[in-house]
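Here the structure comes first, spelled out in structure tokens, and everything after it is commentary.
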Amino acid sequence: MNNNFINNLPKAKTFTNLHFTENFKVAKDVVNGLSGVYAIICTTTGAVYIGNAIDLSVRMVAHLFYNSTNSHLKMLLVCMV
């Protein structure tokens, strides 16, 4: 996917460096109880994963801590480590 596409995606909120505990806590609190469509973007490779959730904070925890996600996102998360 090219950078123009990624840069032109509508953004409600953007969070970075979620591997830092404080950044993750802030992001989780902001989206707690919200539903919607989200994108996880690897800034190194430009790989993009788009998903949706009824509760974005629950989904964020599932993806980043409990490894309960699909193989496409697992590969993307590896690039972010």
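The values are calculated or read from the model by the stated rules, or taken from the named source; none is laboratory data. All values derive from a computational prediction rather than experimental measurement. Here Cβ is always computed from backbone atoms with ideal geometry, including for glycine, and neighbour counts include all displayed protein chains.
Step by step: first the residues of region 1-59, then only those that are assigned to a helix (DSSP H, G or I) and aromatic (F, W, Y), then the one that is surrounded by the fewest Cβ atoms within 10 Å (Cβ to Cβ). Which residue is that?
Narrowing region 1-59 to residues assigned to a helix (DSSP H, G or I): 3-7, 21-31, 56-59.
Retained after the next criterion (residues that are aromatic (F, W, Y)): 5, 24.
On the way: F5: 10, F24: 17.
Applying the filter and picking the extreme gives F5.
Considering (1) farther than 14 Å from L18 by Cβ; (2) modelled with pLDDT of 90 or more, say which one I50 fails and leave the rest.
The number of the failed condition is (2).
Could you check region 18-39 and list, in sequence order, the residues that are at pLDDT below 85 and in contact with a Phe, Trp or Tyr (Cβ under 9 Å, 6 or more places away or on another chain)?
Of all residues in region 18-39, those at pLDDT below 85 come to 18-19.
The one that is at pLDDT below 85 and in contact with a Phe, Trp or Tyr (Cβ under 9 Å, 6 or more places away or on another chain): L18.
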